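The values are calculated or read from the model by the stated rules, or taken from the named source; none is laboratory data. As the structure is a prediction and not an experimental result, all values here were calculated from the model. Cβ sites come from the backbone with ideal geometry, for glycine too, and all protein chains shown count toward neighbours. Heavy atoms of the whole protein, side chains included, go into the accessibility calculation; ligands, DNA and RNA do not. Shrake-Rupley method; radii C 1.70, N 1.55, O 1.52, S 1.80 Å.
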Amino acid sequence: MHLTLRLLSNRHPSFIARTVFVKNGDVDSACRLVNRVLGKEGILQQYRLTRYYEKPFQTRRRINHEKCKSIYNEDMERKIQFVLRKNRHEPFPGCY
Amino acid sequence: MFCAIRNTLRVPLANVLRLFNTTSPQATEKFDHKRIPADDEGVQGEKIVDLDSVLKQKQNIFPTLNSDDQLFDGVPFKKVPICNIRVSHNNTVFTLTDANGKVKLIRSCGIEGFKNTKKGTNIAAQTTAVSIATKAIDKGFKTIRVRMKGLGPGRLAAVKGLQMGGLDIISVTDNTPVSWNPPRARKARRL
């Protein structure tokens with residue numbers, strides 16, 4: 001109820017979202033936490049993308065690159081997990 | 001017979017070799033943009049801090065619906081004066097206001113005596129923060145909440161400077177304006 005009222009008066013009320021209380025005077029870690037939250041939510045990424053106009057060809061190139069990268073990363077992650085797996089039938093394959 | 005084969009082979013082989021040998025040295029001295037160090041945007045911890053471990057600790061570090069009336073030094077959270085920090089690549093501006101937004105103090109790196117590119121450094125932001133903090137204490141402010149806007153080198157240094165100046169910071173808020181359907185931005189810089 002209270003939040004609804006606040007949202008009606010102001011669509012982006014401050015000191016609710018993107019806010020971190022400082023504990024024991026540790027300002028540095030609080031700032032880092034705010035930055036981390038912003039990074040995780042993709043707010044910083046959007047801010048950087050919209051600072052300058054991105055031409056359509058640049059958008060296409062960026063998105064294609066991101067696609068390729070995510071496919072590569074997924075495969076590589078699987079490969080690494082496969083090599084690093086712990087319970088192997090033969091602990092040292094290829095070695096006598 | 002072998003000789004004949006060798007002769008037929010030698011001609012193309014020589015051609016190939018010549019191809020490799022006679023290529024003129026190309027201009028390899030291209031400007032490498034990766035050599036320029038990345039801008040310091042004051043977003044340390046953007047990718048490093050482990051959010052899960054912080055959330056697991058169950059400390060009440062994030063505001064809830066009732067945190068408006070939470071008391072800090074006998075003053076409810078919503079009545080605590082605010083220090084707005086506007087950070088950009090070229091400057092940092094501090095505005096100290098009361099809880100309603102009435103301006104009490106303004107200080108910027110430019111006012112402080114830093115000129116031109118020196119305005120947009122973390123050192124400038126920190127010294128400005130210390131000076132505004134001492135002025136604020138003279139005026140009777142003690143506990144404040146911080147609201148920052150924008151990315152820039154002074155982002156982290158500004159908050160640190162406020163604390164070094166003797167102010168008691170109870171919360172850090174980000175208020176960077178970000179839109180998901182913005183008007184067309186200015187054209188990209190060409191370096």
Going residue by residue through the range A:6-22, is there one that turns out to be more than 8 Å from every other protein chain (Cβ to nearest Cβ), closer than 27 Å to B:Gln44 by Cα, assigned to a helix (DSSP H, G or I) and without any contact (Cβ under 8 Å) to a residue 40 or more places away in the chain?
no
Filter result for B:Thr8 (modelled with pLDDT under 75, more than 27 Å from the chain's Cα centre (by Cα), part of a loop (DSSP other than H, G, I, E, B) and over 25 Å from B:Thr143 (Cβ atoms)): no
When the range A:75-90 is checked residue by residue, the ones that are outside any loop (DSSP other than H, G, I, E, B) and not aromatic (Phe, Trp, Tyr) are A:Asp75, A:Met76, A:Glu77, A:Arg78, A:Lys79, A:Ile80, A:Gln81, A:Val83
For the range B:52-102, the count of residues that are within 12 Å of chain A (Cβ to nearest Cβ), surrounded by fewer than 16 Cβ atoms within 10 Å (Cβ to Cβ) and among the aliphatic types (A, V, I, L, M) equals 3
Fill in: Check on B:Gly140, free of Cβ contacts under 8 Å to residues at least 24 places away in the same chain, more than 10 Å from every other protein chain (Cβ to nearest Cβ) and small (Gly, Ala, Ser)
yes
- prompt: Is it the case that some residue within the range B:103-124 is polar (S, T, N, Q), in contact (Cβ under 8 Å) with a residue 60 or more places away in the chain and within 14 Å of chain A (Cβ to nearest Cβ)?
  reply: yes
Can you spot a residue in the range A:37-45 that is under 24 Å from B:Arg186 (Cβ atoms), in a helix (DSSP H, G or I) and open to solvent by 30 Å² or more (accessible area, probe 1.4 Å)?
yes
Counting only residues in the range B:143-156 that are closer than 17 Å to A:Leu38 by Cα and open to solvent by 10 Å² or more (accessible area, probe 1.4 Å), the one farthest from the other protein chains (Cβ to nearest Cβ) is identified as B:Pro153
Residue set B:Val159, B:Val172; condition under 26 Å from B:Gln70 (Cα atoms), at the interface with chain A (Cβ under 7 Å from one of its Cβ atoms), under 19 Å from the mean Cα position of the chain (by Cα) and assigned to a helix (DSSP H, G or I); output residue B:Val159
So, first residue closer than 16 Å to B:Asn181 by Cβ and assigned to a loop (DSSP other than H, G, I, E, B) in the range A:46-65, second residue open to solvent by less than 70 Å² (accessible area, probe 1.4 Å) and among the aliphatic types (A, V, I, L, M), Cβ within less than 6 Å, six or more apart or across chains; the pairs are A:Thr50/B:Ala185; A:Tyr53/B:Ala185
In the range A:34-69, residues that are within 7 Å of chain B (Cβ to nearest Cβ) and charged (D, E, K, R) total 3
